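Values quoted throughout were computed directly from the atomic coordinates according to the rules given, and no laboratory measurement underlies them. Just so you know, these numbers come straight off a predicted model, no measurement behind them. Cβ coordinates were reconstructed from backbone atoms using ideal geometry, including for glycine residues, and neighbour counts include every protein chain displayed.
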């Protein structure tokens, strides 16, 4: 996270036309792909209802399913580590790497590892980490964080990627997507084959079998989890489904919502490390189950956010995300989902601005595959933030004044008259083009009509009086 | 030991959990009282909205005209 405030990051994002255009085009493309697929699936609404029920039932018995999942992972020959926080998870992976003499790690895309900054922890320990998801690979080359949970470099244009490859990989410039993909592919091939450890996230863990479900479009997930001799999978503790039948509901809901595909290209089901007689697979499988604030979230009034299956649909549809992109949020989880999850996992005091990064238009709730009521959760966080006095003093003072005025009609009418007169001081031909601070934020990008000389109440009273007279 | 503590914590939380009822997902903004709405909505926006609603001469056409 940079030292800039949320508002400063937002301003910078809005002033960057390339980011703005790339995000807008990319996000809208996802939205239109999804809409096109959903239009041919009349059962989608029923699937979403069922998916919500599965998430609710899973979380309501999370302790039972976690125990069942861990038992089955161990029965399959894997090892389970229970990490209370990021430090414990990082420490476990770093020590494992040291104990097994691991020098090179190849990674599949994982938001949980971004959340705990695992790459940094490994690099500090002298282990080289290479991201293998094309978007993550580009972000890593550029020294940036992902700006979208599904499409990490949604903020970049093809030309920017071409320039980056030319500079960092010493190849001829091209902006042809297939050529760019080939460059990354040939660069990554040796890394897959020479890495000692593969690290992945988990889309869903199946409790009844201890299976890890991992979906990718590039095949890198399968490479990461089967070629190196050690596979470490990191999973947020809520990412379970009870049964394979439930997975059959959750996967299409996730995949359609994420990219608009009816089926993601690679659907991997990993059940334990390589068994004797099997031609491939890792010698060791370690599953790290991570809390890192999730149990606090489960206990909070925004627990519903744990239903989230990280499809990114709420990011794509959000007018705020479309305008400012992912980096402005300052968190690995951007968009409406991140505006709830980040303050909840990492502390409302530090992240109190994020719940305000929403117009409350409700599009995120409409599109959410598990129907999370995100606007309501955002309001609850705003409320909590307000009660904890996280807002600037001037806002709190204004609100106190307003609450007094609004409860006293005479004062309110007086205030309206004052506002009417003062607004006309700044008006030109009945329009307010420029307001003084702190209201100038509103007039920087739009005009307001100056306040009328007579309020609606006055006009109404006069009209009634005229009617009675006549 | 680590597993036991981890699961015991989750179990304890679920006992006092406020997870929403599966059937009640349609309760949206109406579940927040109007006072809460006032206290949490961005104050400058709120003030201006109130002023505009109370005093604007014309209706929404004026607002759309005002967009630059």
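Side notes on the structure shown:
- Alpha-carbon radius of gyration plus Dmax, which is the widest Cα pair, for segment A:102-230 in Å: 14.8, 50
- Counting Cβ atoms of other protein chains within 10 Å of each Cβ in A:60-67 and taking the mean gives 5.
- Scattering curve values for segment A:142-291, log₁₀ I(q)/I(0), Debye with Cα scatterers, q = 0.11, 0.14, 0.20 Å⁻¹: -0.52, -0.82, -1.34
- Across segment A:354-432, the volume of the C-alpha convex hull divided among the residues equals 154 Å³ per residue.
- Scattering curve values for segment A:393-469, log₁₀ I(q)/I(0), Debye with Cα scatterers, q = 0.18, 0.27 Å⁻¹: -0.90, -1.19
- The alpha-carbon positions of segment A:148-205 define a convex hull whose volume is 114 Å³ per residue.
- Mean separation of Cα contacts under 8 Å (6+ apart) over length of chain A, as relative contact order %: 19
- As a length-normalised measure over Cα pairs under 8 Å and 6 or more apart, the relative contact order of segment A:317-401 settles at 25 percent.
- Euclidean distance between Cα centres, segment A:57-128 to segment A:143-188, Å: 28
- Legend: ranking of residues A:374, A:138 from fewest to most surrounding C-beta atoms inside 10 Å; resulting order A:138, A:374.
- Helix A:17-39 axis, angle to chain A major axis (alpha carbon atoms, nearest 10°): 80
- Axis of helix A:158-168 versus longest Cα principal axis of chain A: the two differ by about 50°, to the nearest ten degrees.
- Over segment A:219-329: Kirkwood hydrodynamic radius from C-alpha pairwise inverse distances, Å: 16.8
- Taken over the Cα atoms of the protein assembly as shown, the convex hull encloses 182 Å³ per residue.
- Set the Cα radius of gyration of segment A:10-90 against 2.2 N^0.38 Å, with N its number of residues, and you get 1.79.
- Tail beyond 33 Å, pair distance distribution of segment A:41-292 (Cα, percent): 19
- Compared with the dominant Cα axis of chain A, that is its longest principal axis, helix A:393-406 is turned about 50°.
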